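The values are calculated or read from the model by the stated rules, or taken from the named source; none is laboratory data. On a predicted model such as this, the values are computed, not experimentally measured, just so you know. Every residue, glycine as well, gets a Cβ built from its backbone with ideal geometry; the counts of neighbours run over all protein chains shown. Heads up: the accessible areas ignore ligands, DNA and RNA and are worked out on the full protein's heavy atoms, side chains in. Shrake-Rupley method; radii C 1.70, N 1.55, O 1.52, S 1.80 Å.
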Amino acid sequence: ENGYGTSGNVKKTSRKGTVDTARPDQTNGPAFSETFIHRIATFGIVFACYVAAVLAPGVAIVWDIAGSSMAFLIQFIIPATCYIKLKLRTGKSSKHLVMAYLLMAFAVVMAALCTAQTAWRLATK
């Protein structure tokens, strides 16, 4: 078929499958292995959350751990990561990019320390 559909439009191949340029909303979809891995990962995460919820003696412990780790993730790590990703697309390096890397590294360390402190405090109660 040499890459041309019956309508004369070129078919393009991307990571998500083959797209006919006449109808870009139709794709062949992701490969079976990608779908399988996604489903297994999703099931694993849901199962781990279920086990953790059943084993937790109270909701206060869940809020302690979530608060200590997610606060840094939402406030510092995700915005710095997004800024770095957007800035790297332009290919330009600047002092702001270096500061974003430093902020992300600091936030990761602090999130780990705060989560460890919370776990230590809960374990010694």
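Among the residues here, Phe72 qualifies as modelled with pLDDT of 85 or more, surrounded by 10 or more Cβ atoms within 10 Å (Cβ to Cβ) and in contact with a Cys (Cβ under 8 Å, 6 or more places away or on another chain).
Looking across region 91-111, just one residue is open to solvent by less than 70 Å² (accessible area, probe 1.4 Å), out of contact with any helix residue (DSSP H, G or I) (no Cβ under 8 Å at 6 or more places or on another chain) and not in a helix (DSSP H, G or I), and that is Gly91. Here Thr115 fits the description: in contact with a helix residue (DSSP H, G or I) (Cβ under 6 Å, 6 or more places away or on another chain) and either open to solvent by 100 Å² or more (accessible area, probe 1.4 Å) or at pLDDT below 90 (or both). Only one of the listed residues (Pro79, Pro57, Pro30) is at negative phi, surrounded by 13 or more Cβ atoms within 10 Å (Cβ to Cβ) and not in a helix (DSSP H, G or I). That residue is Pro30.
Taken over region 113-125, the residue count meeting the criterion of being out of contact with any Ser or Thr (no Cβ under 8 Å at 6 or more places or on another chain), in a helix (DSSP H, G or I) and free of Cβ contacts under 8 Å to residues at least 60 places away in the same chain is 6.
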